[in-house]
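Novice: For reference, the structure I am asking about is given below.
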Amino acid sequence: MSASRIAGRYAKSLLDLAIEQNLLDEVYNQVASLKKDISGSRDLSLLLKSPIISSDKKQACLDGLYKGKVNGLLQKFIEIIVSKKREPYLSDISDAFVSLYNKHKGVGEATLITASEVSDDLVQKIKGFVMANAKGINTVQITKKVDPSIIGGFVLQFNDQQYDSSIATKLKNISKNFSDNKHIKQF
């Protein structure tokens, strides 16, 4: 089974349990913190993915980090993940949970890639564009990235769609049109 399917199933289960127990926002904050801890610590990430370290030792490390600091539901969830030997997927499960939470709350996620930093005014305009073109979205979270290789313009990724208005892509399309031009005789 693929990592995304595993992560999606476990994340959905945690989301359903959190909703059922009226702990959704608390669990979300703690899972977001867990996600940040895993992505921010190479040692923790390697520990979770290591096939050499036993599940008992991994559970002891996770207990040391989170026991008493997270609610009982999340603590039990982590224990189940480790007992089922799914701890290498904990980062993916956290990502999937955050995405499901955002979808449940009507929060859209978008990524804006530009050649240089953009103003807050432009980000607000992009949010307006996304809100106008998305259904069932109450708010939008935009992640900004800077990539000088796009030369200018922007690339907006949202809901499995990509709006590419970058100069690099336009130049590539012009080049392709010239090379594919069938109206000029080839000698």
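The values are calculated or read from the model by the stated rules, or taken from the named source; none is laboratory data. The model shown is predicted, which means the values in this text are computed figures rather than measured ones. Methodologically, a virtual Cβ is constructed for each residue, glycine included, from the backbone with ideal geometry; neighbour enumeration extends over all protein chains shown.
Novice: Select, from LEU23, LEU17, LEU65, LEU90, the only residue that is over 30 Å from ASN138 (Cβ atoms) and aliphatic (A, V, I, L, M).
Specialist: Answer to the check: LEU65.
Novice: For the range 89-133, give me each residue that is in a loop (DSSP other than H, G, I, E, B) and either of a type in the set (Lys, Arg) or at pLDDT 90 or above (or both).
Specialist: ALA115, SER116, GLU117, VAL118, SER119
Novice: On to the next question. Just to be sure I understand the filter: pairs with C-beta atoms under 7 Å, separated by 6 or more residues or on different chains, first member in the range 39-63 and under 12 Å from SER83 (Cα atoms), second member surrounded by 14 or more Cβ atoms within 10 Å (Cβ to Cβ) and not aliphatic (A, V, I, L, M). Which pairs pass?
Specialist: LYS58/GLU87; GLN59/GLU79
Novice: Residues of the range 22-31 being surrounded by fewer than 15 Cβ atoms within 10 Å (Cβ to Cβ) and under 17 Å from ALA96 (Cβ atoms), which ones?
Specialist: Pass one, the range 22-31, residues surrounded by fewer than 15 Cβ atoms within 10 Å (Cβ to Cβ): 22, 25, 29.
Matches in the range 22-31: ASN29 only.
Novice: Given (1) under 19 Å from ARG86 (Cα atoms); (2) outside any helix (DSSP H, G or I), where does ALA32 come up short, assuming only one miss?
Specialist: With respect to (1) under 19 Å from ARG86 (Cα atoms); (2) outside any helix (DSSP H, G or I), ALA32 is out only on (2).
Novice: Kindly establish whether ASN133 is under 30 Å from ILE151 (Cα atoms) and surrounded by fewer than 16 Cβ atoms within 10 Å (Cβ to Cβ).
Specialist: Judged against the criteria, ASN133 is a match.
Novice: Take the residues in the range 50-75 that are closer than 17 Å to ALA32 by Cα and charged (D, E, K, R), then tell me which one is surrounded by the most Cβ atoms within 10 Å (Cβ to Cβ).
Specialist: For the range 50-75, the residue satisfying everything is LYS67.
Novice: Can you report the number of residues in the range 134-147 which are of a type in the set (D, E, K, R) and assigned to a strand (DSSP E or B)?
Specialist: Within the range 134-147, the first condition is being of a type in the set (D, E, K, R), and the residues that meet it are 135, 144-145, 147.
Filter once more, so that each one left must be assigned to a strand (DSSP E or B): 144-145.
Result for the range 134-147: 2.
Novice: Turning to a different aspect of this structure: Would you check if there is a residue in the range 77-91 being surrounded by fewer than 14 Cβ atoms within 10 Å (Cβ to Cβ) and over 22 Å from LEU17 (Cβ atoms)? Break it down stepwise before answering.
Specialist: In the first step, residues of the range 77-91 are kept if they are surrounded by fewer than 14 Cβ atoms within 10 Å (Cβ to Cβ); the result is 80, 83-85.
Right, trim to over 22 Å from LEU17 (Cβ atoms) and you get none.
No; the residues of the range 77-91 include none that is surrounded by fewer than 14 Cβ atoms within 10 Å (Cβ to Cβ) and over 22 Å from LEU17 (Cβ atoms).
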